[in-house]
1. In peptide A:208-217, how many Cβ atoms from other protein chains are near each Cβ within 10 Å, on average?
2. What residues have an amide H closer than 5 Å to that of residue A:149, excluding those fewer than 5 places away on the same chain, when H is modeled at 1.01 Å from N in the peptide plane?
3. In nm, to one decimal, how far is the modelled label at residue A:52 from the one at residue B:126, with both set 7 Å along Cα→Cβ?
4. Starting from the 7 Å offset along Cα-to-Cβ, what nm value, one decimal, do you get for the label separation of residue A:210 and residue B:149?
5. If you plug each phi of region B:59-68 into the Karplus form 6.51 cos²θ - 1.76 cosθ + 1.60 with θ = phi - 60°, what whole-Hz ³J(HN,Hα) values come out, in order, with x for Gly and Pro?
6. Across the residues of B:123-132, average count of Cβ atoms on other protein chains within 10 Å?
7. Taking every pair of alpha-carbon atoms in region B:23-201, what share in percent sits in each 5 Å bin, from 0 to the bin with the longest distance?
8. Could you state the accessible area per residue of region B:65-117 in Å², with a 1.4 Å probe and every protein chain left in place?
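The values are calculated or read from the model by the stated rules, or taken from the named source; none is laboratory data. Every value quoted in this text rests on a predicted model; they were computed, and no experiment measured them. Neighbour counts are summed over all protein chains in view; Cβ atoms, including those assigned to glycine, are modelled from backbone coordinates with ideal geometry. Heavy atoms of the whole protein, side chains included, go into the accessibility calculation; ligands, DNA and RNA do not. Shrake-Rupley method; radii C 1.70, N 1.55, O 1.52, S 1.80 Å.
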Amino acid sequence: MIFSSAIKRLCATAVLGWALSGCATTGGANPEDPLQPINRAIFGFNDSFDEFLLKPVAEAYRAALPEPVRAGVTNFFSNIEDVWIGANNLLQGKPEQALQDMLRVVINTIFGIGGVLDVAYDEGLDKHNEDFGQTLGRWGIGSGPYLVLPFFGPSTLRDGVARLGVDNAVDPVWTIDRVSTRNSLYTVRAVNTRAGLLDAARVMEQAALDKYRFVRDAYLQRRRSLIYDGDPPSEPKAKRAAAPDETTVRQPPDFGRDDMRNAATERPANETANLCFEASALFVYPGTGAADDAAVASGAISIR
Amino acid sequence: MKPLLSLLFAMVSSVVLAQDVAPDVLVKRITAEVIDIIKQDKDIQAGNSKKIADLVEKRILPHFSFARMTQIALAVNWRRATPEQKKQLTEEFKTLLVRTYSNALALYRDQRIDFKPLHMRPDDVDVTVKSEVRQRGKQPVTLHYDMEKTAHGWKVYDVKVGGVSLITNYREDFAGQVRESGIDGLIKSLVSKNRAARSDKS
């Protein structure tokens, strides 16, 4: 009961936020990022935090522990997370996926030594990527403006509220009473996640001209894709495929968001809505390391 | 006469074949080739960047349309660029993409790549080949190739990883640079980015 009213409140907040963002948009160059000056400042803070603390620790961690051990740590936390992923699949009306998630948890917990091994993968049970922000997006709630959260990295109003307010609240690690145990687990998880993204981050750093913009746009594209489980309604392909040499001058610079202030109004609400997460996994073509928490690779740090 | 004819026919049909390979068949073949090479080459696995760049240059580059990629990434600014600027932009962007691709390829471990069936009509000139990268402990990541039909066969003009389009992302990045410092400014930052990466490597 409390939970459902909390959800209602959250939805209301997100909706309100989205509406407000519509009003606030006019000043900024990018309709999806009206808070750019603040975001850039926080992005810079995260970047420094990463450069001077998290990244060096993650590098030491990677050097100290062999790959199978780190994979075990990743799997252990990933297994815990699968419970909430399943719940979100259920909330999104995807019982089949939810069932797969539950099977993963059961199989990996029992046969994978408490989740240290991902044996369910061999049974053809793929891991899914869900969180409460995606669930809200699925329900048609707009993303609101892009936000960079201190320590947590790229987000949006909707996803930030969902993550800090709901994902965190149901996170089993969060509910551990002993503070020292809880903090240790948090730290291990964050360092392990960051370690998994060291390579991806390097690829991203060498690819981006302006890291802030690059991460933002990758995140927003990625979240939109995730909400539709990798199959978002196709973009106007003919339009974007049209070579700019053609003399169709009236063609708007479709994806040059910075250039087109009016784009937000053209786009249906729930589409503007549906943007979010994950930066660097981007280029990590086959080696797509931790596509999951890739927000990190931006130097934005994702502590989960 | 007859053997000559059949030889001629064989030659013609092999030329036709090279240009007429279906886009999904092409991508599958290149993927398999490249993965095979990586699996057999210990140097590449150890991160020998010269060898990786060589692999990308020889096996992958010929199937990309860099001119098209640059045009799309530049959007409206492409028309505003002089021929000399266009040349520089294409060259520098190509260097950037090759490096990005090489860096990413170096991270390949033991992922499995599954292809989805491609539904295309015979007269299609623009298709998306869809694949999915699977790996233990990770959720699968989609890997889509946007391809166009050219006189020299099908060419890739965009890659989408996990729903993130490479070209769309650069479009934003480039537009911002042009707004701040013009097309020459964009060229300058591409050049210095490429230079920094080169010295980073050595």
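1. 5
2. A:155
3. Spacing of the two 7 Å Cα→Cβ label points: 4.9 nm.
4. Label-label distance for residue A:210 and residue B:149, simple model: 4.0 nm.
5. In residue order, the calculated couplings are 9, 9, 3, x, 9, 10, 9, 6, 4, 5 Hz.
6. Mean inter-chain Cβ contacts per residue within 10 Å come to 1.
7. 1, 7, 15, 18, 19, 17, 12, 7, 3, 0
8. 42
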